[in-house]
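J.: Below are the structure tokens for one structure; questions will follow.
The values are calculated or read from the model by the stated rules, or taken from the named source; none is laboratory data. Note that this is a predicted model, so its numbers are computed, not measured. All Cβ positions, even for glycine, are placed from backbone atoms using ideal geometry, and neighbour counts span all protein chains on display. Just the protein is used for accessible areas: all its heavy atoms, side chains included, with ligands, DNA and RNA removed. Shrake-Rupley method; radii C 1.70, N 1.55, O 1.52, S 1.80 Å.
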Protein chains: 2
Amino acid sequence: MFDAMFKALSDPTRRKILRMLHKGDMTAGDIADRFSISKPSVSHHLNVLKQAGLVIDERKGQFIFYTLNTTVFQEVLTWFSEFVDRRKGDGHVPNR
Amino acid sequence: MFDAMFKALSDPTRRKILRMLHKGDMTAGDIADRFSISKPSVSHHLNVLKQAGLVIDERKGQFIFYTLNTTVFQEVLTWFSEFVDRRKGDGHVPNR
DNA sequence: TAGATATTTAGAAAAATATCTAAATACAAA
DNA sequence: TTTGTATTTAGATATTTTTCTAAATATCTA
């Protein structure tokens, strides 16, 4: 699962989408309109983010709304925390 | 710079290297010995990590030691923090 | 200096990824 | 049901990334 998350985060377009969703939920079309790449390409990126668990999609009539899945961000945050020196104990937590 | 960092973090071999270095500095050869891929491939990964600012290298005689650059981890941590709900009124309320 | 060890660089092949256009699916409105 | 809008799926191509072997560079030791 970490594999998919980091892979998803490696693309700048996808990180931009995440920052947009942080301001509020959006439809696939609204997201696509903010990029110069084609709608199918944006759809592909949205799917990668979805597979990685970083976003959730929900259809409402004609539209599909995308939402951030913040719980997963918490997990990545934890992954990174292990590397940062918090000057508490020896700060070392192994594996994963 | 974030671009290079996220790119570097997207590969599982490189993340494994980072976890190894977290336990202590290592030479390129010692790192390579722990993978089944060739030394030149590991050398390539080390270079990607170095370009991303995630590790620092220092030659000592015949050997080159690699070390984690924790300050950069702190920066990525900050990037992620923005997405995590810390329940401390930053004004942002998700839709629905 | 010659030989041994540590590591990287060069160049090529294979695999993965991003992107496109065209077509398909899902739903709404008339 | 027909038409229009929203979005995805399919299939192809171009680019990027990973990996390899062979060769080069740097340093140590005898």
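J.: Pick from B:74, B:51, B:62: which residue has the top mean-square fluctuation in a GNM of chain B where Cα pairs under 10 Å get a spring?
T.: B:62
J.: If we sort B:16-22, B:41-47 on the protection proxy, mean other Cβ atoms within 10 Å, highest first, what's the order? Provide the component values of the computation, followed by the final result.
T.: On the way: B:16-22: 18.6, B:41-47: 16.1.
So the order, starting with the most tightly packed, is B:16-22, B:41-47.
J.: Using a 1.4 Å probe on the protein chains only, how many percent of the accessible area of the range A:2-81 belongs to carbon and sulfur? Walk me through the numbers before you get to the answer.
T.: Numbers: 2020 of 3910 Å².
Result for the range A:2-81: 52 percent of the exposed heavy-atom area is carbon or sulfur.
J.: Next question. What does the charge add up to near residue A:43, with Lys and Arg as +1, Asp and Glu as -1, over the other residues with Cβ less than 11 Å from its Cβ? Please report the intermediate quantities before stating the final value.
T.: On the way: positive: A:39, A:50; negative: A:57.
Local net charge: +1.
J.: Same structure again: What average count of beta carbons from other chains do you get within 10 Å of the Cβ of residues in B:73-83? Write down the numbers at each step before the final one.
T.: Working: counts 6, 4, 2, 7, 7, 1, 6, 10, 3, 4, 13.
The mean count of partner-chain Cβ atoms within 10 Å per residue comes to 6.
J.: Other chains' Cβ within 10 Å of B:14-21 residues: what's the mean? Could the numbers behind the result be given before it?
T.: Numbers: counts 1, 5, 0, 0, 2, 6, 0, 1.
For peptide B:14-21, the averaged partner shielding equals 2.
J.: Additional query: Net charge near residue A:4, counting Lys/Arg +1 and Asp/Glu -1 over other residues with Cβ under 14 Å of its Cβ?
T.: On the way: positive: A:7, A:14, A:50, B:15; negative: A:3, A:11, A:75, B:11.
Charge balance in the 14 Å sphere: 0.
J.: Do the sum for chain A: with -39,500 (n - 2.57) for every DSSP H run of n ≥ 4, divided by all residues, what is the mean residue ellipticity at 222 nm, to the nearest 500 deg cm²/dmol?
T.: Details: 5 runs with 51 residues, N = 96.
Mean residue ellipticity at 222 nm (helix-derived): -15500 deg cm²/dmol.
J.: With point charges of +1 on the Cβ of Lys and Arg and -1 on the Cβ of Asp and Glu, referenced to the Cα centre of the protein assembly as shown, which listed residue (B:27, B:76, A:54) lies farthest in the positive direction of the dipole?
T.: The listed residue farthest towards the positive side: A:54.
J.: Across the range A:41-52, in residue order, what do the Karplus-derived ³J(HN,Hα) couplings come to in whole Hz, using 6.51 cos²θ - 1.76 cosθ + 1.60 with θ = phi - 60° and x for Gly and Pro?
T.: So the J values, rounded to whole Hz, are 5, 5, 4, 4, 4, 4, 5, 4, 5, 5, 4, 7.
J.: Between beta-carbons, use under 13 Å as the cut-off and find the net charge around residue B:64, counting Lys and Arg +1, Asp and Glu -1. Could the numbers behind the result be given before it?
T.: Numbers: positive: B:39, B:50, B:59, B:60; negative: B:25, B:30, B:57, B:58.
Net local charge, residue B:64 excluded: 0.
J.: Long-range amide H contacts for residue A:69: which residues qualify at under 5 Å (H placed 1.01 Å from N, peptide plane, sequence gap of 5 or more or a different chain)?
T.: Placed amide hydrogens put A:55, A:56 under 5 Å from residue A:69.
J.: What accessible area per residue comes out for the range A:2-81, rounded to a whole number of Å², with a 1.4 Å probe? Kindly include the intermediate steps, with their values, before the conclusion.
T.: Numbers: 3910 Å² over 80 residues.
I get 49 Å² per residue for this part.
J.: Also, I was wondering about something else. How far is helix B:70-81 tilted off the main Cα axis of chain B, in degrees rounded to 10, range 0 to 90?
T.: Value to nearest ten degrees: 30.
J.: Compute for chains A and B the buried accessible surface, both sides summed, probe 1.4 Å, and express it in Å² to the nearest 100.
T.: 2900 Å²
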